[in-house]
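So the structure is just underneath, and the comments pick up after that.
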Amino acid sequence: MANLKEIRNRISSVSSTMQITSAMKMVSAAKLKKAQDAITAMRPYSNKLTELLQSLSATLDADSGSKFADQREVKKVLLVAISSNRGLAGAFNSNIIKQVNTILSDYADKEVSILAIGKKVNDAFGKKGSIIANKSEVFDDLTYDNVAEIAQMIMDKFVEGDFDKVELIYNSFKNAATQIVMTEQFLPIVPIESDTNVNLDYIFEPSKQEIVETLIPKSLKTQLFKAIRDSFASEHGARMTAMHKATDNATELRDQLKLTYNKARQAAITNEILEIVGGAEALNH
């Protein structure tokens with residue numbers, strides 16, 4: 001059994017760790033509320049805009065389709081992998097890294113590049129030479145304008161033929177305890193296949209073609225912004241949950257150590273009493 005000093009040091013160490021994890025949990029909980037409100041408010045707009053543009057794109061003639069809907073033979077793929085800049089968030093980052101590795105295996109016969117949004121995914125794949133850019137700084141000032149610049153860069157590279165397909169990989173926020181890893185096609189845009197034309201009763205001004213060409217870039221920028229916002233909320237949810245579990249584990253360990261300490265202290269006192277009694281008996285004889 002460890003001596004009393006060692007146990008006291010361990011109790012002190014665990015208590016300090018518990019204070020840190022508890023503080024991190026409260027910080028993440030505060031940030032989560034703001035991030036959750038932001039993504040919850042944004043989803044309906046983003047989803048409706050995407051649905052509208054897919055419906056419009058499906059009704060356009062093949063020769064007048066958008067340059068962002070250009071279906072080409074897939075030879076070069078870009079994976080936009082969104083992680084966090086910091087750890088201590090449970091399996092949040094490792095799930096993204098695992099999903100990227102799975103997709104890399106699926107595209108073994110393709111030329112695959114990675115655009116890292118988050119230091120963790122950049123650290124994981126940077127040494128392999130597949131990272132074309134690291135945009136981790138976007139989390140320092142997460143605004144639509146900053147994300148729009150990244151989206152525009154991706155769109156330009158697709159139009160120029162640098163990539164034939166672009167996919168987003170990120171954690172979608174469900175609740176504080178649950179994050180769902182999503183793999184979402186970004187480019188080319190996939191029109192909704194439908195046998196019925198739902199837009200026959202509408203008169204478009206300006207033309208349907210002009211509307212699509214104007215709104216598609218905005219839709220793509222919004223789609224990327226939503227994915228990063230989703231990941232941002234998921235990160236704080238995952239970290240809050242991880243720190244909550246860590247605090248609970250530290251509390252349980254501290255209680256066990258205190259019990260061990262009390263038992264060791266009691267045993268030491270008992271031994272001292274026995275030695276005193278033994279010494280007194282020896283004197284009497």
Legend entry - Additional length obtainable on full extension of the chain from residue 251 to residue 74, 0.36 nm per residue less Cα span: 58.4 nm
Inset, instruction - Counting other beta carbons within 10 Å of each Cβ, put 172, 28 in order, fewest first. - result: 172, 28
Legend entry - ³J(HN,Hα), Karplus 6.51/-1.76/1.60, whole Hz, each residue of the range 115-121, x for Gly, Pro: 9, 8, 10, x, 5, 5, 6
Inset, instruction - Could you pull out every residue, at least 5 positions away or on a different chain, whose amide H is within less than 5 Å of the one on residue 112? Hs are placed 1.01 Å off N in the peptide plane, and Pro or chain starts have none. - result: 77
Inset, instruction - Calculate, in nm to one decimal, what residue 110 and residue 37 gain on full extension: separation in residues at 0.36 nm each, minus their alpha carbon distance. - result: 22.4 nm
Legend entry - Pair residue 51, residue 210: separation of 7 Å Cα→Cβ label points (nm): 2.7
Legend entry - Cα-based helix-to-principal-axis angle, 4-59 vs the chain, degrees rounded to 10: 10
Legend entry - Flagged links, alpha-carbon separation over 23 Å, of 48/110; 48/98; 110/157: 48/110; 48/98
Legend entry - Ranking of 79, 4, 259 by count of other Cβ atoms within 10 Å, fewest first: 259, 4, 79
Legend entry - Among the listed pairs 34/67; 120/165; 31/258, those beyond 30 Å (Cα-Cα): 34/67; 31/258
Legend entry - Positive minus negative residues near residue 260 (Lys, Arg vs Asp, Glu; Cβ under 14 Å): +4
Inset, instruction - Please work out which option in (1) 1.52; (2) 1.08; (3) 0.97 gives Cα Rg over 2.2 N^0.38 Å calculated from these coordinates, and answer with its label. - result: (1)
Legend entry - Gain in span if fully extended, residue 152 to residue 102, counting 0.36 nm per residue against the direct Cα distance: 15.3 nm
Inset, instruction - Note down the nm distance, to one decimal, between modelled labels 7 Å out along Cα→Cβ at residue 273 and at residue 144. - result: 7.5
Legend entry - DSSP beta bridge pairing in the chain, given as percent antiparallel to the nearest 5: 40
Legend entry - Helix-only mean residue ellipticity at 222 nm for the chain, each DSSP H run of n ≥ 4 adding -39500 (n - 2.57), per residue, nearest 500: -22000 deg cm²/dmol
Inset, instruction - Add +1 for every Lys or Arg and -1 for every Asp or Glu among the other residues with Cβ under 11 Å from the Cβ of residue 8, and state the total. - result: +3
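Here, each number is a calculation from the coordinates, and none is a lab measurement. These numbers come from a predicted model, not from an experiment. Every residue, glycine among them, receives a Cβ derived from its backbone with ideal geometry; neighbour counts consider all protein chains shown.
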